[in-house]
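The values are calculated or read from the model by the stated rules, or taken from the named source; none is laboratory data. Predicted model, so just to flag it, every value in this text is computed and none were measured. Glycine also receives a Cβ, built like all others from the backbone with ideal geometry; neighbour counts cover every protein chain displayed. Accessible surface is based on the protein model in full, side chains and every heavy atom, while ligands, DNA and RNA are left aside. Shrake-Rupley method; radii C 1.70, N 1.55, O 1.52, S 1.80 Å.
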Amino acid sequence: DILSGASKANSAILHTGFDAPPGSLELQCMQEGYAEYLAIREKMNLPLLKTTAIVVAWTDEQLAALPGIVRQAHCNGVMDVVQIPAEEIYQREPGLAAGALGGVFVPGEYVIDPWSAPLAYVTQAVMHGGSYRFNTEVTQATREGNGWLLSTTQGTVRTRLVINCAGNFGDLVDGLWRKPEFEIRPRKGQFLVYDKSAAKEINAIILPVPTPTTKGVLLCRTAFGNLILGPTAEEQTDRSRAEVNEDVLKGLIEKGSKMLPTLTHYSVTATYAGLRPATEKKEYRIYAYPEDQWISVGGIRSTGLTSALGIAGYVETLYKQRFAALFTLTPPQSLQWPRMPV
């Protein structure tokens, strides 16, 4: 299913890029994807929950890190990000546990629906002549004179250009014809979904001060009216199965209750886990091979939902600038806009 992998198993946040590495490709794709989502969402009936976000410091060490977060946000062009005192945090979030020392307010962080967005994108592609095949594993890639012959579990495909965006299998697909320039190390994130009545306990997305290895556990309302807690960040070797673990989920509940004590009053109605296609490096791993008529789109981590449209635009630009004309581009005179169900 188009929605069965990392596309749906995330926190569904539309990121401003305030905390992305300055000057990075990830930042560029996030901000372009953010802007395009806002520009087209009404045409496609895509939801937007204007939550805002607060990065909360609970220790002196975390408090000392807040000015750097603000500087980085401003460096990234997100100028409305400001540091706020504890008093303002509790004005905005009276249900938070005592002990918050300060925070960073991010007005433009929002929540969207991780299902309808990719479904809308692929539906629009099909409306304009695109096609898809599910359950189709690429098993061999053979270079031909004018392109590639891809052997799959559902027959062969001939193409002049390959764009490998195979997620957790991206390095394996590249490995069919060359030594991959990246190594996928699947990173599992487990989430808890609380009953809808819990959503009234917070207003903004509650973010932790990030560490060098993880953005940490957050509290967030969803577009469907629930409240979620998560994710974890666990590297594993299995590329397909994202199983939830009872002991880990108990630890999540404990962390969440320390931030929001009233969580103990509400029941967990669902759990889920997803695998992010992380690599041995933090950045996106997008490579163009013009002489080989191949583009690799790898290492798209937890910001991929926001970045999706920006990544698509970047890959299109890569093709136009770096590749010989392999086919005639024929953009439609007018676009059709599928409307997603509410």
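The figures follow:
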item: Test: residue in the range 36-43 that is of a type in the set (Lys, Arg), open to solvent by 40 Å² or more (accessible area, probe 1.4 Å) and not in a helix (DSSP H, G or I); result: no
item: Selection within the range 277-299 - of a type in the set (D, E, K, R), in contact (Cβ under 8 Å) with a residue 40 or more places away in the chain and either within 30 Å of Lys200 (Cα to Cα) or not in a strand (DSSP E or B) (or both); result: Glu280, Lys281, Lys282, Glu283, Asp292
item: Condition met for Leu48 (more than 23 Å from Arg221 (Cα to Cα) and either basic (Lys, Arg) or surrounded by 15 or more Cβ atoms within 10 Å (Cβ to Cβ) (or both)); result: no
item: So Ala117, is it free of Cβ contacts under 8 Å to residues at least 12 places away in the same chain and among the aliphatic types (A, V, I, L, M); result: no
item: Yes/no for Ile300 being open to solvent by 20 Å² or more (accessible area, probe 1.4 Å) and either among the hydrophobic types (A, V, I, L, M, F, W, C) or more than 23 Å from Arg185 (Cβ to Cβ) (or both); result: yes
item: Enumeration of residues in the range 51-64 that are buried (at least 19 other Cβ atoms within 10 Å of the Cβ) and among the small types (Gly, Ala, Ser); result: Ala53, Ala57
item: Qualifying residue in the range 314-326 (condition: polar (S, T, N, Q) and either assigned to a helix (DSSP H, G or I) or open to solvent by less than 80 Å² (accessible area, probe 1.4 Å) (or both)); result: yes
item: Any chance Thr269 is more than 30 Å from Leu46 (Cβ to Cβ), more than 16 Å from the chain's Cα centre (by Cα) and not aliphatic (A, V, I, L, M); result: no
